[in-house]
Amino acid sequence: MEQDTEKQRDADYVSATRSALHLLSYRARSEAEVRRRLSRRHHAHTIESVIETLKAQGYLDDAAFARQWRSQRERRRPRGQALLRQELTRLGVSAEVVREALEDFNAGDNAYRAAQGLATRLAGKDHPEFRRRLWAHLQRRGFEHAVIGETVQALWQELRESLADSLHGDEDSSDDQE
């Protein structure tokens, strides 16, 4: 009887480990995410054993996960620090690890990258429309008001300078043709 229980525990451990590795094969996960998913089908003591094993083998590391999450967001979908903090907290990363991951966060650069594409599409709009739409876009991505204001103003200036340069360039080329 005791042997059967031991075999069941071993089988549960193997099954939980496979489930965790399968989950981690799609993307990096926080320890809390893995724990939550495993808790649906496995016993608490088995989950703790699997978590410890995965941490020892380097498959689970909340600090590395938080840095990777931030980096991926900065490259693909720039967001404000508050929204990144909220996402990482929701994923179960501790406040201390989140703070360390967001330590050198540059809100201005991220806001600029997040707004560039929309600013180009809004180039023909008047200043109030440009400002309103770009402001809302950045606000939805969690940027602070001061950062949004600076970014909107910088992009508006760039567009105006670019437009002025292209107009002066057209005048220069028409002078050359005469």
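The values are calculated or read from the model by the stated rules, or taken from the named source; none is laboratory data. Just so it is clear, the structure is predicted and the values come from calculations on it, not from any experiment. Using ideal geometry, Cβ is built from the backbone for each residue, glycine included, and neighbour counts are taken over all protein chains shown.
A few comments on the model shown:
- Residue identified as surrounded by fewer than 19 Cβ atoms within 10 Å (Cβ to Cβ), of a type outside the set (D, E) and not in a helix (DSSP H, G or I) among G58, G117: G58
- When A64 is tested against (1) of a type outside the set (S, T, N, Q); (2) out of contact with any helix residue (DSSP H, G or I) (no Cβ under 8 Å at 6 or more places or on another chain); (3) without any contact (Cβ under 8 Å) to a residue 12 or more places away in the chain, exactly one condition is not met: (3).
- When the residues of the range 41-55 are filtered to those that are over 17 Å from Q8 (Cα atoms) and of a type in the set (D, E, K, R), the one that is surrounded by the most Cβ atoms within 10 Å (Cβ to Cβ) is K55.
- Checked against the criterion of being in contact (Cβ under 8 Å) with a residue 40 or more places away in the chain and within 30 Å of R37 (Cα to Cα), the range 119-142 has at least one qualifying residue.
- Qualifying residue in the range 104-111 (condition: among the hydrophobic types (A, V, I, L, M, F, W, C), part of a loop (DSSP other than H, G, I, E, B) and within 23 Å of R18 (Cβ to Cβ)): no
- Top-ranked residue in the range 76-114 [being in contact with a helix residue (DSSP H, G or I) (Cβ under 9 Å, 6 or more places away or on another chain), more than 21 Å from E150 (Cα to Cα) and among the charged types (D, E, K, R); ranked as surrounded by the fewest Cβ atoms within 10 Å (Cβ to Cβ)]: R99
- Residue check for R73: without any contact (Cβ under 8 Å) to a residue 24 or more places away in the chain, farther than 30 Å from S15 by Cβ and in contact with a Lys or Arg (Cβ under 9 Å, 6 or more places away or on another chain): yes
- Test for L24: is it surrounded by 17 or more Cβ atoms within 10 Å (Cβ to Cβ) and under 30 Å from N106 (Cα atoms): no
- Pairs are defined by a Cβ separation below 6 Å, a sequence spacing of at least 6 or placement on different chains, a first member in the range 31-45 that is outside the structural domain of S94 (by TED's automatic domain parsing), and a second member that is not in a helix (DSSP H, G or I); the pairs so defined are E31/L60; A32/G92; E33/L91; E33/G92.
- Among the candidates R99, R79, R73, residue that is in a helix (DSSP H, G or I), at pLDDT below 95 and not aliphatic (A, V, I, L, M): R73
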